[in-house]
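Just below is one structure, and these are the notes that go with it.
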Amino acid sequence: MPFKPGNNANPGGRPKASTDVRLSATLLLPKAFKALEKCLSRPGERISAIQIIFDRSVGKVPTTANVRVIADIADLSDAELLAITGETKDLINQQVIEQETDNETSSQ
């Protein structure tokens, strides 16, 4: 059964991590710090597991982004339109060069 516009199947949103999970992860922090210290000389080793423990106990670091949303192309300045078309032209040219290189390599 489809939802009507504006009607959400989960109005409460995604549930927050339970207190038990946070407490368990927090209790593992000393071990995670010790493991992290050992991993400093071996980058990439067990870092993912440690990152998960930190994320679950301390929380992820907030990130921000400056974003400009254009609702209508008419709102763009001539300079912005020229920049977009220039970037697009550069991307298309790069794709053509890569495709020609691939074709030459496969034909040899």
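Look at Ser57 and say whether it is in contact (Cβ under 8 Å) with a residue 24 or more places away in the chain and either loosely packed, with under 10 Cβ neighbours inside 10 Å or within 30 Å of Thr19 (Cβ to Cβ) (or both).
So Ser57 fits the description; yes.
Any residue in the range 80-98 that is within 27 Å of Arg68 (Cα to Cα) sitting within a Cβ distance under 8 Å of a residue that is loosely packed, with under 10 Cβ neighbours inside 10 Å? List the pairs, counting only those 6 or more apart or interchain.
Hits for this filter: Leu81/Ile73.
When the residues of the range 30-46 are narrowed to those that are aliphatic (A, V, I, L, M) and either modelled with pLDDT of 75 or more or in contact with a Lys or Arg (Cβ under 9 Å, 6 or more places away or on another chain) (or both), which ends up surrounded by the most Cβ atoms within 10 Å (Cβ to Cβ)?
Only one residue fits best here, namely Ala32.
Kindly indicate whether Leu27 is at pLDDT 85 or above, surrounded by 10 or more Cβ atoms within 10 Å (Cβ to Cβ), of a type outside the set (Val, Ile, Thr) and more than 26 Å from the chain's Cα centre (by Cα).
Spelling it out, Leu27 is indeed at pLDDT 85 or above, surrounded by 10 or more Cβ atoms within 10 Å (Cβ to Cβ), of a type outside the set (Val, Ile, Thr) and more than 26 Å from the chain's Cα centre (by Cα).
So Asn66 fits all but one of (1) in contact with a helix residue (DSSP H, G or I) (Cβ under 6 Å, 6 or more places away or on another chain); (2) in a loop (DSSP other than H, G, I, E, B); what number is the exception?
Asn66 satisfies every listed condition except (1).
Regarding the range 60-76, can at least one residue be identified that is more than 30 Å from Ala25 (Cα to Cα) and either in contact (Cβ under 8 Å) with a residue 40 or more places away in the chain or surrounded by 11 or more Cβ atoms within 10 Å (Cβ to Cβ) (or both)?
Among the residues of the range 60-76, at least one is more than 30 Å from Ala25 (Cα to Cα) and either in contact (Cβ under 8 Å) with a residue 40 or more places away in the chain or surrounded by 11 or more Cβ atoms within 10 Å (Cβ to Cβ) (or both), which makes the answer yes.
The values are calculated or read from the model by the stated rules, or taken from the named source; none is laboratory data. The model shown is predicted, which means the values in this text are computed figures rather than measured ones. Glycine gets a Cβ as well: all are built from the backbone with ideal geometry, and neighbour counts include every protein chain shown.
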